[in-house]
Amino acid sequence: MMSSARIVLLGSICVCIVGGCGRRDGALPEPADAAQQVVLVPEAVREKLLDGAMSVLGRLEDYDESAAFAQVFDRLNQWSHGNPAADAVAVGDWRVDPLFAGLAERLRPEAVVTGLEASVFNAATDVAALRDQRWLADICTTARGDAIDDLDVATRLFDWTIRSLSIATDPPMVPSPGAAGVRWFLPGEVLLSGRASAAQRSWIFLQLLRHAGLDGVMLATGPAASPRPWVPAVLSGGEAYLFEPTYGLPIPGPGGDGVATVRQVAADPAILAALSLPERSYPVQAADVKNLSILVAADPWLLARRMHLLDKRMAGNRAVSLSIAPEAVAQRAREALPKESSESGSVGLWEFPWETAIRRREPAVQTAAVEELAVMAVAMEQPAGRDGVQRSRVVRPLFAARVREFRGDLSGPDGAKAAYLAARPTTAAINAAVSQVPAQQADRVKRLYQQMKEDATYWLGILTLAEGDSEAAVDYLDRLTLQAAPDSPWTDSARVNLATALAQLGRSAEAAALLEADTSPQRFGSQIRAARLKAAER
């Protein structure tokens, strides 16, 4: 329990939480040393090496990240060097996907090409990428639940994305000199922070779809030579279904029913017109949909040769998608578009993931990531159990809670709920911790503990909302978040998610009022939701 635990402040954030061990610049790995000695490893041993590596990544809250990442890297490279001849056969006719050549030259320097072709793993970027994909695969399993139908699965994954990732404006969909952005975070960093721009929401959603075995692409409007990313589309049954990340809604189909397809939107101007409000017209109209381009979301690491090979070994308990064939996905997307778009629109890789890999190296971005995720390094010493069997240990409750929630481990003494509750220190515990640090650090330390408490409280509200416990969600999101900390960074998203909980309890008028009070970038979608609630009450 929190009352019997002692808060411990770590001196600095663990490097691996933020972006991996060793180098944290987002660069792709260097080529292998050609003179490296090859020692054949039995396949049974190689399988154990992979199992061990993925097991560590699956339970990072139990490890020191620096040691864990080093261990995973060592096992991966033992595996990769174990039988190069057999791996060469397994990888077959692998090649860098043809769509890679269409990226802007600044996003594909020679070092990136070399990195894609490398067969050995990089201690910094590859292990962090595998960690992120492990988390995404876990979230996919948890969020989809028992859904089987493609559209049902996609809708649940989208709902998780919108509910769990509070909307932000930084980074922009397309950077410009006047709006460069600094939150160019890697997927795992986005997941830990719980905040995402429309572009990051789209990126996470498309990756969740891939882990669910579904195809998804970004659709873009405007000239084929300079397409403007618009919304993600889920491909199923020869159709492309549209999901609006900024509004936080699937685009409703004809008559407001279901999820609209691209073909429906192109044929019926009323569908997109219904997303317009008196003070703002929806920026895309039916005419724009007749000239769409296809952008495939393929992270740099997912196009690499070594990930393609590793992907073939990911099955059973370690199942995770580590590779993508953009050209094939783009062809399936083309077949789902209106004839005009399939003939005139361009096809390419979505630049946003590659832009992230480049900009993640910038000092301002690294600083932003460290500051935003510093709360994940706050630790507590848990005392030994009364039976004397369990020894005291230092844990990072907020980090543990996030990772366990991704896995779907929610209840029990080692579940996400218990960890979130442990991350809500009492005022006395906070004051005791602050008294132990130099005076010049007191304010920062106090803010850090308060942030941890606010974050844990808000996420308990989101967790209970996802579970369907609307009454508990209302308590966490209203009394313990909006009322207790009205100026919290979570205020806007707490209001929107509280509206969902109230609507589930039949308190539609209160829910509509909250949605109408939304001032976040998601406010236009909130107003549409409010109008629906009011209409249903008439």
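Normalised by 2.2 N^0.38 Å, where N is the number of residues, the C-alpha radius of gyration of the stretch 370-537 stands at 1.18. Less than 5 angstrom separates the built amide H of Tyr282 from those of Ser276, Leu277, all sequence-distant by 5 or more or on a different chain. Extension gain, Arg479 to Tyr282: 0.36 nm times the residue separation minus the Cα-Cα distance gives 67.4 nm. Local charge for Gly525 was computed over the other residues whose Cβ lies under 9 Å away, with Lys and Arg +1 and Asp and Glu -1, and equals 0. Once the chain from Glu43 to Gln71 is taken as fully extended at 0.36 nm per residue, the excess over their C-alpha distance is 8.1 nm.
Dipole magnitude for the stretch 370-537: computed about the Cα centre from +1 point charges on Lys and Arg Cβ and -1 point charges on Asp and Glu Cβ, it is near 320 debye.
How much FRET efficiency would the formula 1/(1 + (r/R0)^6) give for Ala517 and Thr114, where r is the Cβ-Cβ distance and R0 is 45 Å, rounded to 0.05? So, using R0 = 45 Å, E works out to roughly 0.30. Simple rule: put +1 on each Lys or Arg Cβ and -1 on each Asp or Glu Cβ in the chain, find the dipole, and look at Phe100, Asn497, Leu349; the Cα lying farthest toward the positive end is Asn497. Each Lys or Arg adds one and each Asp or Glu subtracts one; over the other residues with Cβ under 14 Å from the Cβ of Val45, this totals 0.
Across the stretch 231-247, computed HN-Hα scalar couplings (Karplus, 6.51 cos²θ - 1.76 cosθ + 1.60, θ = phi - 60°) run 9, x, 10, 9, 8, 7, x, x, 10, 10, 8, 9, 10, 9, x, 6, 6 Hz from first to last residue, x flagging Gly and Pro.
One chain, two ends: Ala267 and Ser176. Fully extended at 0.36 nm per residue, the span grows by 29.4 nm beyond their Cα-Cα distance. Could you list log10 I(q)/I(0) for the stretch 97-158 at q = 0.21 Å⁻¹, which the Debye formula gives when each Cα is one point scatterer? Debye curve over Cα of the stretch 97-158, log10 I(q)/I(0) at q = 0.21 Å⁻¹: -0.87. A cut-off of 5 Å between modelled amide H atoms, ignoring neighbours fewer than 5 places along the same chain, links Ser166 with Arg195, Ala196. Over the chain, dividing the summed -39,500 (n - 2.57) contributions of all DSSP H runs of at least 4 residues by the number of residues returns a 222 nm mean residue ellipticity of -14500 deg cm²/dmol.
Summarising the strand pairing of the chain, around 80 percent of its internal DSSP beta bridges are antiparallel. Neighbours of Gly461, meaning other residues whose beta-carbon lies under 14 angstrom from its beta-carbon, give a summed charge of -3 when Lys and Arg score +1 and Asp and Glu score -1. Simple rule: put +1 on each Lys or Arg Cβ and -1 on each Asp or Glu Cβ in the chain, find the dipole, and look at Phe406, Ala418, Thr161; the Cα lying farthest toward the positive end is Ala418.
Only Lys, Arg, Asp and Glu carry charge here, each on its Cβ (+1 for the first two, -1 for the last two); on that basis the chain has a dipole of about 760 debye about its Cα centre. For Trp230, nonlocal amide neighbours, meaning residues 5 or more places apart or on other chains whose placed amide H falls under 5 Å from its own, are Leu219, Ala220, Thr221. Dipole size of the stretch 92-226 about its Cα centre, with +1 on Lys/Arg Cβ and -1 on Asp/Glu Cβ: approximately 420 debye, rounded to the nearest 20. Straight-line reach from Lys48: taking Cα to Cα under 18 Å and skipping same-chain neighbours fewer than 8 places apart, the aspartates and glutamates in range are Asp74, Asp87, Asp311. Taking only the Cα atoms of the chain, the ratio Rg/Rh comes out at 0.97, with Rh defined as the Kirkwood radius. Residues of the stretch 488-510 with an amide N closer than 17 Å to a point placed 7 Å from the Cα of Arg538 along the Cα-to-Cβ direction: 508-509.
Quick note: the coordinates plus some simple rules give every number you see, no bench work behind them. Since we're looking at a predicted model, the values are computed, not measured. Reconstructed Cβ throughout: ideal geometry from the backbone, glycine too, with neighbour counts over all protein chains shown.
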